[in-house]
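For reference, the structure discussed in these notes is given below.
The values are calculated or read from the model by the stated rules, or taken from the named source; none is laboratory data. Because the structure is a prediction, the values reported are computed rather than measured. Ideal geometry is used to build each Cβ from the backbone, glycine not excepted, and the neighbour counts take in all protein chains shown. Surface areas here come from the heavy atoms of the whole protein model, side chains and all, with no ligands, DNA or RNA. Shrake-Rupley method; radii C 1.70, N 1.55, O 1.52, S 1.80 Å.
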Amino acid sequence: AAAAGPAAAAGLWSEVNRCGQNGDFARALKSVNKILQINKDDVTALQCKVVCLIQNGNFKEALSIINTHTKVLTSDIIAFEKAYCEYRLNRIESALKTIQSASEQTDKLKELYGQVLYRLERYDDCLAAYRDLIRNSQDEYEEERKTNLSAVVAAQSTWEKVVPEDLGLREATYELCYNSACALIGQGKLNEAMKKLQKAEELCRQSLSEDSDVTEEDIEAELAIIHGQMAYIMQLQGRTEDALQLYNQIIKLKPTDVGLLAVIANNIITINKDQNVFDSKKKVKLTNAEGVEHKLSKKQLQAIEFNKALLAMYTNQADQCRKLSASLQSQSPEHLLPVLIQAAQLCREKQHAKAVGLLQDFADQHPANAAEIKLTMAQLKIAQGSVTKACMILRSIEELQHKPGMVSALVTMYSHEEDIDSAIEVFTQAIQWYQQFQARTNYGCCVFQPKSPVHLSLIREAANFKLKHGRKKEAISDLEELWKQNPKDVHTLAQLISAYSLVDPEKAKVLSKHLPSSDTMSLKVDVDALENSHGATYVRKKAGKLTGDNQQKEQGQGEVKKKKKKKKGKLPKNYDPKVTPDPERWLPMRERSYYRGRKKGKKKEQVGKGTQGSTTAGSSELDASRTASSPPTSPRPGSAAAVSATSNVIPPRHQKPAGAAATKKKQQQKKKKGSKGGW
């Protein structure tokens with residue numbers, strides 16, 4: 001049995017060697033387990049088992065074996081395998097300690113050390129590590145090391161805003177082109193970055209199409225990250241529709257990279273903003289996928305969390321918004337966005353005073369970020385209509401008091417509130433700041449120093465403002481200062497003379513001597529072109545061509561303007577010059593004082609009134625039996641009116657139809673006209 005053990009072990013080792021060369025690590029693991037049954041403390045067998053487990057992706061089990069056999073598997077023997085298992089299990093800090101504790105830094109450990117530093121976002125140390133590797137190693141992995149080196153430079157440019165140095169790398173692969181494009185995006189060179197990405201796409205298609213086993217779907221999946229970066233550039237350039245279309249195409253491909261999907265979903269949410277909220281809620285699920293936190297940088301994860309809080313605010317989930325923003329603030333107490341999101345949520349709830357108080361507390365705790373917070377506070381005060389309080393907040397920002405933009409904003413706001421004294425005080429403080437700054441920079445220099453363009457611009461604006469609001473004496477000192485700086489400035493001199501003419505006319509006369517004479521001023525002005533220009537208030541009409549008699553009249557009489565005859569106004573037909581016209585004739589009839597309304601006819605009022613079956617006063621007129629054509633009725637005895645009415649009645653047979661005489665006359669006229677031809 002003792003002799004059979006070594007013989008069996010030798011056969012098992014040959015099996016392990018054969019399976020390892022063929023890449024069949026599952027069968028190799030079975031043979032290693034049989035060897036360990038013979039000798040459980042076999043160091044080589046334990047090492048082989050750890051390697052087989054790593055090759056099969058069982059990192060937890062491999063690390064467990066390393067930790068349970070620490071006496072046999074010392075750090076000198078299996079440091080790389082232990083650090084690699086910790087790295088793959090996302091225990092980055094532990095992997096760094098394992099690498100640093102190794103007695104010998106092999107090339108494999110140095111390679112892993114660079115990867116660990118990249119994951120820890122220690123880009124300066126990572127760059128130095130890869131440079132050392134490229135300098136001191138020559139093998140078939142040189143291209144991969146250069147790719148990693150370019151990735152570090154791109155990360156520095158994107159996240160740390162470091163201007164990348166030219167490494168002299170030849171962009172022969174699509175990975176190198178892609179990393180170079182990312183570095184250009186970090187510098188803001190978007191057009192150049194787009195060209196690099198297009199080149200990377202071409203190289204990727206060429207390299208993958210050479211392999212017959214690679215399908216078109218595989219090529220599109222590999223190109224997804226390049227297309228995602230192209231869409232990001234389009235979004236930065238304002239081409240949101242094109243970017244959104246490309247983002248959705250990538251999502252339809254269903255790439256396996258959860259980090260890529262999370263970034264694309266986040267970018268779509270930023271495009272949607274407060275619109276298309278239901279689509280944004282669907283995209284948020286992609287950002288919560290398992291393993292996303294290990295694929296993205298800290299700033300990317302932070303941006304995703306910010307957008308989640310904003311989406312909660314837009315969807316009126318106030319509690320969720322507060323929870324997310326509070327969590328972000330605890331992670332980054334000095335960051336502005338969490339407190340700004342909280343203030344925005346309070347404003348949506350009409351709690352402006354509470355929002356201002358929250359911002360004030362943050363400004364007191366973090367003076368370095370107080371300027372941006374105070375600008376937001378001023379905006380809230382303006383929205384509430386408290387312009388004066390907003391001005392007070394803005395003037396408390398010391399590092400921005402002298403900026404032309406701040407001076408302009410304060411002067412505009414004070415002018416709106418008709419507080420001219422405060423506006424002039426803002427100008428004065430800004431001018432004094434530039435004077436003190438110039439004195440500090442020119443310390444010990446006795447020669448005359450010209451003022452900076454910004455300083456002169458502020459003095460000129462202050463003078464114009466004072467002249468506009470009637471502060472002539474105050475404006476004169478500013479104009480004199482400007483003229484002292486540039487005595488050849490005719491415009492400033494003219495303003496100064498104009499101001500003195502209202503205060504001290506004698507001084508204005510003295511200064512007017514400095515004005516250039518009209519003879520010395522050679523103004524090359526085309527008067528005709530100036531008069532016919534688009535902005536001219538008066539345009540001279542072009543004279544038409546004179547012909548014949550008109551030309552002779554023009555030569556003899558000169559230019560004589562013809563006076564147009566005024567047409568007499570038309571008078572009404574019934575106009576009587578002796579009668580004074582009605583003073584109310586321009587008013588509508590209903591609005592005149594003597595209007596009494598229309599007189600309604602009696603018949604119209606009587607017809608159709610009364611209860612059904614009743615008679616009215618005019619019913620006798622409607623009675624057909626009482627008409628002239630009806631036969632006479634027998635008179636009532638003793639009625640004189642009846643007798644007189646019936647005495648003049650003509651019997652029906654003797655009555656002539658109405659219009660009979662007129663028809664006869666027309667017929668006779670027609671006969672007379674027709675008799676000319678026949679008779």
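Observations
- Under the condition of being touching an Asp or Glu at 6+ places or on another chain (Cβ under 8 Å) and part of a helix (DSSP H, G or I), the residues counted in segment 101-132 number 3.
- Scanning segment 174-218 for residues that are of a type outside the set (Lys, Arg) and under 27 Å from Gln237 (Cα atoms) yields a count of 27.
- If you go through segment 474-506 and keep only what is within 22 Å of Phe427 (Cα to Cα), more than 45 Å from the chain's Cα centre (by Cα) and charged (D, E, K, R), you end up with just Lys484.
- Selection count, segment 506-532, where residues are surrounded by 10 or more Cβ atoms within 10 Å (Cβ to Cβ) and either within 18 Å of Thr492 (Cα to Cα) or modelled with pLDDT under 70 (or both): 9
- Counting residues in segment 301-318 that are among the acidic types (Asp, Glu) and surrounded by fewer than 14 Cβ atoms within 10 Å (Cβ to Cβ) gives zero.
- Filtered residue count, segment 363-419, keeping only those that are farther than 27 Å from His469 by Cβ, surrounded by 14 or more Cβ atoms within 10 Å (Cβ to Cβ) and of a type in the set (Gly, Ala, Ser): 3
- Scanning segment 217-237 for residues that are more than 26 Å from the chain's Cα centre (by Cα), open to solvent by 20 Å² or more (accessible area, probe 1.4 Å) and of a type in the set (A, V, I, L, M) yields Ala221, Ile225.
A quick yes/no check of all residues on (1) surrounded by fewer than 19 Cβ atoms within 10 Å (Cβ to Cβ); (2) touching a residue at least 24 places away in the same chain (Cβ under 8 Å); (3) out of contact with any Gly (no Cβ under 9 Å at 6 or more places or on another chain):
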site: Leu96; (1), (2), (3): no, yes, yes
site: Glu104; (1), (2), (3): yes, yes, yes
site: Arg119; (1), (2), (3): yes, yes, yes
site: Gln156; (1), (2), (3): no, yes, no
site: Lys161; (1), (2), (3): yes, yes, no
site: Tyr174; (1), (2), (3): no, yes, yes
site: Ala183; (1), (2), (3): no, yes, yes
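- Only one entry in Gln360, Gln429 is farther than 30 Å from Ala475 by Cα, out of contact with any Cys (no Cβ under 6 Å at 6 or more places or on another chain) and not basic (Lys, Arg), namely Gln360.
- When restricted to residues that are of a type in the set (A, V, I, L, M) and within 23 Å of the chain's Cα centre (by Cα), segment 252-310 contains 12.
- Scanning segment 185-196 for residues that are open to solvent by 50 Å² or more (accessible area, probe 1.4 Å) and part of a helix (DSSP H, G or I) returns Gln187, Asn191, Glu192, Lys195, Lys196.
- Restricting the first member to segment 460-472 and to residues that are farther than 17 Å from Ile497 by Cβ, and the second to residues that are surrounded by 17 or more Cβ atoms within 10 Å (Cβ to Cβ) and of a type outside the set (A, V, I, L, M), the beta-carbon pairs closer than 8 Å and six or more apart or on different chains are Glu461/Phe427; Ala462/Phe427; Ala462/Asp478; Phe465/Phe427.
- Inside segment 52-77, residues that are surrounded by 14 or more Cβ atoms within 10 Å (Cβ to Cβ) and more than 59 Å from the chain's Cα centre (by Cα) make up a count of 4.
- Test: residue in segment 547-560 that is open to solvent by 90 Å² or more (accessible area, probe 1.4 Å), under 60 Å from the mean Cα position of the chain (by Cα) and modelled with pLDDT under 80: no
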